[in-house]
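Here's the structure, in structure tokens; my notes come after.
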Amino acid sequence: MQSELFIPESAPISLQENSKTTSEIEKLRDEIRFHDYQYYVLDNPLIPDNEYDNLFRKLQDLENQDPSLITPDSPTQRVGGKPLKSFDSITHRIPMLSLNNALTEEEAIAFDKRIREGLDQDELQYAVEPKFDGLAITLTYEDGKLVQGATRGDGYTGEDVTSNIKTIRSIPTKLHILDAPKLIEVRGEVLMLKKDFARLNKEQEEAGQKIFANPRNAAAGSLRQLDPNITRTRPLHFFAYGIGYFEGIPQFERHSDAMNFLDSLRIPVSSERDVVQGIQGLLNYYNKIGNKRENLPFDIDGVVYKVNHFNYQEQLGFVSRAPRWAIAHKFPAQEALTLIDSIDVQVGRTGAITPVARLSPVIVGGVTVTNATLHNQDEIDRKDIRVGDTVSVRRAGDVIPEVVKVIIEKRPEKSEPFNLLNLINSKCPVCGSHVIKQPDEVVARCTGGLFCSAQRKQAILHFASRRALNIEGLGEKLVDQLVNENLVTSLPDIYRLDLDTLAKLERMGRKSAQNILESIQKSKQTTFARFIYGLGIRNVGEATAKDLARYFGNLADLQSSDALKLQQVSDIGPIVAESIFQFFSEEHNKHVIDALIEAGINWESSPGQNLLEGKLNGMTFVLTGSLSTLSRDEAKELIEAAGGKVSGSVSKKTNYVIAGEDAGSKLLKARELGINVIDENAFRLMLN
Ligand code: IVH
């Protein structure tokens, strides 16, 4: 039978060689899985990024040489796949139930009393855990391989989100165990870390995209994307809190043992989990986690108490849709009421005009809050926020405080709806340039570009930031002075600063000036990815900058690529490609880049992965059916760029037929003649 998988004709693989490659591939995969665990679960990377990238690339190369060796649990298979039209619905083998809540200490005491009386015990042992504020999912592993990820849904049926789940790097696609259980369902919560949420919202805001109200919504919105390539760019995490259905795992006596077992499989479990005795143990834990709440990297809305012994759990059973043996002890909401004194605007790096509420100072979760972001006019309209309103304000960790809602009953008479563009008379409050709002965007933007000192300041701060050129000491106060005194009008000016100029600035001694000059000097030796990221191209975050650097390897190729070529980079779609193309087309951006390079910024160059030239030399392709991410013309362009030819009909001379959806007679002909038939993915693998 003719295989549809791509098997290179020119390099037949002997069985012996094949098994050598297989074991090499498996070894590499295990090594990558181990480093994923160190990085994403333990937050303790043992090797630098570029070494990890090398391992990954080596695996990709080996798999590309013989795609028949690719297995679904390979680390390379975490990358998306095709967008879905809708999610399939699945039925949970064991329903995913909810928890009853205790809102006060009295209710927690009553819970413990009920349990003790029900079991006729004086004191009980409890497993205690944070109550993660994300969304519940269940992971199914068969023979140690991740085969399905599904949402909770209504508890009985959920949605199959397997492709999206696979993009979450802390979730292993293969369990770390030799004698894998036949079947195990791992239950837990998908969430977004507070710092990732803040960064995502900032990027969304700048890009004029949807703002998420909190990390939970951001996690849910990201996991329920039909296109796994979008989910892949969203930093999601997972914590397990239990086991659902299982076959072939050891018998555990206690929940805490089951959790330790999951930990040993390298499934992420919270290190905040504990085992305590009696009600005093529960309340101590509640207070301990409550005090830590602010500093935890993720949002929690309480703690969960679970009777630890499974035989007691069984005796207690369930009431309607929740177990009798567990309860969620909730924390009070981190919200407070205050007044909006006025509404101001701020101008961001890409000119986005963000309305900011100035509040009467109020303490929320132990911190005084005086400002809250209102995001954009759409958000203001949706919540109908007006100056003089009493509002409830929420904060979570380091995230910028937000107005949750207006208390309408407290609205003063004579209040007016707020209109951002009216307030500023459609002019940038900083530079006076025209402010416009594109019909497809929610944000209004200043059109002043780097003429606008606010944008200039933000662009410099971004360029100097830790993940970009990492110029230590070049912070907000200094940038303010440098821009206000016209010492830095564009990025290359940073490299023209001298000791005398800096030392003359307010509150700057010669020693600090010297230190800053040294970090400016140090920043010249950088990486290509940092440089791209530092340029502040719209829609190009750190991950995209890394992808671009890896793909192009050098500046000239990146600068001269059109939007179509840019889309060949994994994860880059038409919108991002257009932003990048626009950026490099602007004459003034070219000058800035030239001047930066001239100032001495440099990095170690790499060959890049786009060297298509010659890869398909002498090969003839036939296209049939419709491809999902490329038009016929685009596919043809790619084949020709790599030295191949495209023919209209299948013959013995055809090397490969690329078949898309609804492929017709050409596919049949290829089968008849025994020509290799490959799909779009295999074609991309050949190119990359
Ligand atoms: S145990 C049968 N443990 O809370 C009991 N749930 O309100 C199953 N949740 O749907 C739940 N952290 O998504 C459990 N440590 C934890 C949890 C937790 C968060 C969520 C879970 C569940 C909801 C119930």
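Values computed for the structure shown
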read-out: Which numbered condition Ala110 misses (of (1) in contact (Cβ under 8 Å) with a residue 24 or more places away in the chain; (2) over 26 Å from the mean Cα position of the chain (by Cα); (3) more than 30 Å from Leu627 (Cβ to Cβ)); value: (1)
read-out: Qualifying position, being more than 22 Å from Ser68 (Cα to Cα) and out of contact with any helix residue (DSSP H, G or I) (no Cβ under 7 Å at 6 or more places or on another chain), among Gly608, Gly664; value: Gly664
read-out: In the stretch 631-643, the residues that are surrounded by 16 or more Cβ atoms within 10 Å (Cβ to Cβ), closer than 14 Å to Arg684 by Cβ and of a type outside the set (Val, Ile, Thr); value: Ala635, Leu638, Ala641, Ala642
read-out: Residue satisfying all of: in the stretch 279-306; surrounded by fewer than 16 Cβ atoms within 10 Å (Cβ to Cβ) and modelled with pLDDT of 95 or more; nearest to the ligand (Cβ to nearest atom) among these; value: Lys288
read-out: Failed condition for Gln346, given (1) in contact with a Ser or Thr (Cβ under 7 Å, 6 or more places away or on another chain); (2) closer than 30 Å to Gln251 by Cβ; value: (2)
read-out: All positions within the stretch 247-278 that are within 20 Å of Ile94 (Cβ to Cβ), away from the ligand (no atom under 13 Å from the Cβ) and buried (at least 18 other Cβ atoms within 10 Å of the Cβ); value: Arg254, Phe261, Leu265, Ile267
read-out: Restricting the stretch 307-339 to residues that are among the aliphatic types (A, V, I, L, M) and away from the ligand (no atom under 13 Å from the Cβ), the residue that is modelled with the highest pLDDT; value: Leu339
read-out: Count of the stretch 83-102 residues which are more than 16 Å from the ligand (Cβ to nearest atom) and part of a loop (DSSP other than H, G, I, E, B); value: 6
read-out: Entirely in the stretch 557-611, the helices (runs of 4 or more DSSP H) that have 2 or more residues that are within 23 Å of Asp440 (Cα to Cα); value: 563-566, 574-585
read-out: Residues that are among the hydrophobic types (A, V, I, L, M, F, W, C) and either touching an Asp or Glu at 6+ places or on another chain (Cβ under 6 Å) or surrounded by fewer than 22 Cβ atoms within 10 Å (Cβ to Cβ) (or both), drawn from the stretch 201-239; value: Ala207, Ile211, Phe212, Ala213, Ala220, Leu226, Ile230, Phe239
read-out: The stretch 462-475 residues that are outside any loop (DSSP other than H, G, I, E, B), paired with ones that are basic (Lys, Arg) (beta carbon under 8 Å, 6 or more apart); value: His462/Arg349
read-out: Segments classed as strands (runs of 3 or more DSSP E), wholly inside the stretch 103-195, with at least 3 members that are crowded, with 22+ Cβ neighbours inside 10 Å; value: 125-132, 135-142, 145-151, 183-191
read-out: Residue match in the stretch 658-666 (condition: over 32 Å from the mean Cα position of the chain (by Cα), polar (S, T, N, Q) and surrounded by 17 or more Cβ atoms within 10 Å (Cβ to Cβ)); value: no
read-out: Single residue of the stretch 196-219 satisfying the filter (among the hydrophobic types (A, V, I, L, M, F, W, C) and assigned to a helix (DSSP H, G or I)) that is farthest from Thr231 (Cα to Cα); value: Ala198
read-out: The lone exception for Cys431 - which of (1) farther than 24 Å from Ala213 by Cβ; (2) part of a helix (DSSP H, G or I); (3) in contact (Cβ under 8 Å) with a residue 12 or more places away in the chain it fails; value: (2)
read-out: Unmet criterion (only one of (1) outside any loop (DSSP other than H, G, I, E, B); (2) touching a residue at least 40 places away in the same chain (Cβ under 8 Å)) for Val479; value: (2)
read-out: Residue in the stretch 220-228 that is within 16 Å of the ligand (Cβ to nearest atom), hydrophobic (A, V, I, L, M, F, W, C) and assigned to a helix (DSSP H, G or I) present; value: yes
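The values are calculated or read from the model by the stated rules, or taken from the named source; none is laboratory data. Not measured: the values here are computed from a predicted model. As a convention, Cβ positions derive from the backbone with ideal geometry for all residues, glycine included, and neighbour counts pool all protein chains shown.
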